[in-house]
Amino acid sequence: MNAIASVRDALTRNMRQSGILIAFVAIVVLFAALNDSFLSPGNLTNLVLQYSYILILAIGMVMVIIAGQIDLSVGSVVALSGAVSAAVVIREGMPWWAGVAAALLVGLLVGIWQGFWVAYVGIPGFIVTLAGMLLFRGLTFLVLDNRSLSPFGGTYYDIANGFLNGWLGGYGYDVFTLVIFGIAVVGYAVSQWRSRQGKIAYQQSVESLPMFALKLVVVAAVVMWFGYQLSTSRGLPVVLIILAVLIIAYTLVTQKSVFGRHIYAVGGNRHAAELSGVSVRKINFWVFVNMGVLASVAGVVFSSRMNGAQPSAGEMFELDAIAACFIGGASTTGGIGRVGGAMIGGLIMAVMSNGMQLMGVPQSMQQVIKGLVLLLAVAFDIWNKKRAAVAR
Amino acid sequence: MMPPAPHRTPLLALHEVSKYFGAVEALVGVDLEVHAHEVVALVGDNGAGKSTLAQVVAGVLSTDAGQIEIDGEPVTLGSASAANRLGVASVFQDLAVCENLDVTANLFLGRELRNRVGLLHEGEMEVQTRELLERLTVRIPSVRTTLRQLSAGQRQAVAIARTLIGNPRIVVLDEPTAALSVAQTGEVLTHIQRLREMGLGVILISHNLNDVRAVADRIEVLRHGRNNGSFPATASHESILAAITGAA
């Protein structure tokens with residue numbers, strides 16, 4: 001294979017991933033051009049706060065989808081975990097961490113319940129979680145006795161609405177926020193450099209040094225610019241830290257761990273995975289347990305943001321999370337998808353909602369546009385696959 | 001190729017093995033021996049029990065009667081992984097690979113190497129993958145190519161290379177050339193010869209007598225789940241065909 005062919009090969013393979021990134025940048029540029037306040041510090045902060053729970057759900061959802069399943073119950077699990085947390089903190093007057101613990105326990109139990117039916121009874125995830133969607137919504141109504149519970153206040157409220165700032169001073173900008181972003185950029189650069197050195201040591205192919213440096217500089221510039229914008233507004237949102245930790249951890253789990261590799265294998269060819277000694281049941285079970293726990297994390301963040309629990313909380317969240325995954329390049333047949341892709345897919349949805357709201361686009365039109373974007377993204381995926389098949 | 005001396009203990013020996021699916025007799029009292037450095041071909045008509053026998057050896061199916069010995073020791077091949085631990089590796093028709101994973105990931109699937117912190121040791125796995133593919137003389141653009149982008153022949157080569165992870169002594173190949181072009185078939189047969197040179201015992205299941213005669217040391221015929229003749233590779237096409245169809 002000559003150099004040109006290998007470049008073409010790399011492009012074809014990465015087209016879905018890079019295509020979605022280009023689309024994201026284009027959408028951001030479009031809204032920035034249409035609306036002055038879109039890239040303002042206040043609005044960027046708002047974006048993070050407003051869509052963090054969808055992104056948290058999308059992390060778990062993309063793993064479920066890679067395994068070849070789907071989870072329709074996450075919206076109801078968000079509601080139920082938030083409701084239990086509210087009952088513990090508001091009704092029983094217990095401390096904030098007891099509410100968080102109770103919510104996470106709910107998520108764990110939900111995950112075990114659904115994982116059991118999918119993995120050990122063999123009911124498709126679609127059916128189990130469709131039942132779960134009704135079941136956990138009903139339980140939410142029971143827990144809340146059909147009424148809203150509010151307010152949480154205090155530390156619990158700060159989970160989704162709090163900021164870290166002022167610790168290192170600064171005039172008009174928060175130094176602490178900038179320091180954290182600086183550490184993140186340096187950490188990213190170091191890890192990229194080490195992985196590159198490791199690849200060279202094992203004679204793996206790597207991008208050329210100028211390309212590598214360019215990539216680092218672009219990423220660093222974008223991240224630091226974003227950090228600066230936040231620092232001139234209200235500082236570092238707590239929920240952004242939660243989100244960043246989850247994204248890094250789950251990128252590692254999906255790309256670098258044996259468990260992650262096996263999720264891809266089960267979604268790609270269940271039978272081959274089984275013959276290779278992968279326990280398909282265990283993988284399915286843990287994927288759903290993981291989804292349940294992440295849904296409860298989203299439930300904590302959402303109830304904190306709403307400063308209370310409502311019986312109808314989290315409705316349609318499952319669809320936003322699923323859409324984020326498919327826009328982000330996950331395959332409907334399983335085996336393909338990335339946490340990073342799902343995050344960009346979720347951000348595309350978030351940026352579009354936020355941008356259209358700023359411009360005063362009516363809710364009805366927003367739904368139409370988001371629906372079309374989802375359709376086009378998956379159509380592009382299918383077209384891309386067919387083209388690759390012909391090229392072979 | 002040296003003919004197996006009678007006093008040598010075979011790597012794998014099946015004695016009077018039977019398998020029933022309800023009232024259907026899939027295998028009835030089948031005997032089979034495989035030595036190191038030997039390619040044994042299993043041939044027979046559709047439904048003769050070839051694949052059933054392969055799955056028994058691979059540990060996927062349990063037997064209803066009979067004995068299986070490895071190195072002269074009676075063993076139970078309870079599952080595919082149990083068979084694997086005893087040194088039996090298998091490639092099944094169409095089912096052996098994950099098309100969404102790359103070559104390295106497929107080779108090490110279920111037996112991934114981990115680094116000090118318990119994550120995947122990609123570098124080491126790639127090095128071993130390259131070595132293995134070289135030994136088998138498999139030509140693939142990169143060990144990071146996803147299987148979806150490979151030809152059917154290359155995928156089969158990956159499936160065969162896969163079996164060599166974990167140093168097996170017996171390799172079972174179920175119709176490895178069934179869906180391949182002439183050129184690709186030739187390459188796969190070369191890989192099989194490499195397996196023999198490495199000192200493995202190979203069970204090759206095939207419909208294609210030409211393929212079988214090109215590479216096998218011994219040809220065992222199954223008919224209606226029973227042994228129906230054992231032939232050297234030099235036996236005439238007609239005599240083997242007669243044993244397969246029962247026209248003799």
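Numbers for the structure displayed
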{"read-out": "Lys, Arg +1 and Asp, Glu -1 on Cβ, resulting dipole of the protein assembly as shown about Cα centre, debye, nearest 20", "value": "1180 debye"}
{"read-out": "Estimated vicinal HN-Hα couplings, Hz - region A:226-243 in sequence order (Karplus 6.51, -1.76, 1.60; Gly, Pro = x)", "value": "4, x, 5, 4, 4, 5, 7, 9, 10, x, 8, x, 4, 5, 5, 5, 4, 4"}
{"read-out": "Coarse-grained scattering of chain B at q = 0.09 Å⁻¹, given as base-10 log I(q)/I(0) from a Debye sum over alpha-carbon atoms", "value": "-0.38"}
{"read-out": "Where the Cα pairs of region B:83-172 fall when distances are cut into 5 Å bins, in %", "value": "3, 15, 26, 25, 19, 9, 2, 0"}
{"read-out": "log₁₀ of I(q)/I(0) at q = 0.15, 0.22, 0.26 Å⁻¹ - region A:166-233, Debye sum with one point per alpha carbon", "value": "-0.57, -0.88, -1.06"}
{"read-out": "Order of A:Leu139, A:Leu214 under a 10 Å beta carbon neighbour criterion, fewest first", "value": "A:Leu214, A:Leu139"}
{"read-out": "Region B:162-205: C-alpha gyration tensor shape, a/c 1.5 cut-off, then a/b vs b/c", "value": "prolate"}
{"read-out": "For region B:134-144, 3J(HN,Hα) per residue [Karplus equation, 6.51 cos²θ - 1.76 cosθ + 1.60, θ = phi - 60°, Hz, x = Gly/Pro]", "value": "5, 4, 8, 6, 8, 9, 9, x, 8, 6, 9"}
{"read-out": "Theoretical FRET efficiency, 1/(1+(r/R0)^6), r = Cβ-Cβ of A:Val25 and A:Ser205, R0 25 Å, to 0.05", "value": "0.45"}
{"read-out": "Share antiparallel - DSSP beta bridges, the protein assembly as shown, percent rounded to 5", "value": "60 percent"}
{"read-out": "Kirkwood Rh, angstrom, region A:63-119 [1 / mean 1/r, Cα pairs]", "value": "12.3 Å"}
{"read-out": "Partner chain coverage, peptide A:271-283 - average Cβ within 10 angstrom", "value": "5"}
{"read-out": "Against the rule of thumb 2.2 N^0.38 Å, how large the Cα Rg of region A:263-357 comes out", "value": "1.31"}
{"read-out": "Cβ-placed point charges (K, R +1; D, E -1), dipole of region B:41-192 about Cα centre in debye, nearest 20", "value": "400 debye"}
{"read-out": "Spin-label model distance (nm) - A:Ile183 vs A:Gln255, 7 Å beyond Cα toward Cβ", "value": "2.2 nm"}
{"read-out": "Residues whose placed amide H lies under 5 Å from that of B:Leu113, excluding near-sequence neighbours", "value": "B:His121"}
{"read-out": "Projected-area average for region B:30-136 over all orientations - Cα convex hull basis, square nanometres", "value": "9.2 nm²"}
{"read-out": "Cβ-placed point charges (K, R +1; D, E -1), dipole of region B:1-123 about Cα centre in debye, nearest 20", "value": "380 debye"}
{"read-out": "Low-density loop positions, GluC sites (Glu not before Pro), region B:31-113 - DSSP coil, at most 16 other Cβ in 10 Å", "value": "B:Glu99"}
{"read-out": "Nitroxide proxy distance, nm - points 7 Å out along Cα→Cβ at A:Ala98 and A:Leu376", "value": "5.2 nm"}
{"read-out": "Overall form of region B:19-77 per C-alpha gyration tensor (a/c, 1.5; a/b vs b/c)", "value": "oblate"}
{"read-out": "Anisotropy class of chain A from Cα gyration tensor, a/c 1.5 cut", "value": "oblate"}
{"read-out": "Per-residue ³J(HN,Hα) for region A:335-352, Karplus 6.51 cos²θ - 1.76 cosθ + 1.60, θ = phi - 60°, Hz, x for Gly and Pro", "value": "x, 10, x, 9, 4, x, x, 5, 5, 5, x, x, 5, 4, 4, 5, 4, 5"}
{"read-out": "B:Asp31 versus A:Arg387: modelled label distance in nm, points set 7 Å from Cα along the beta carbon direction", "value": "6.2 nm"}
{"read-out": "12 Å Cα-Cα reach of A:Lys370 towards aspartates and glutamates, excluding residues that sit fewer than 8 places from it in its own chain", "value": "A:Asp320"}
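Rule-based calculations on the coordinates, nothing more; no lab input. Source: prediction; values computed, not measured. Ideal geometry is used to build each Cβ from the backbone, glycine not excepted, and the neighbour counts take in all protein chains shown.
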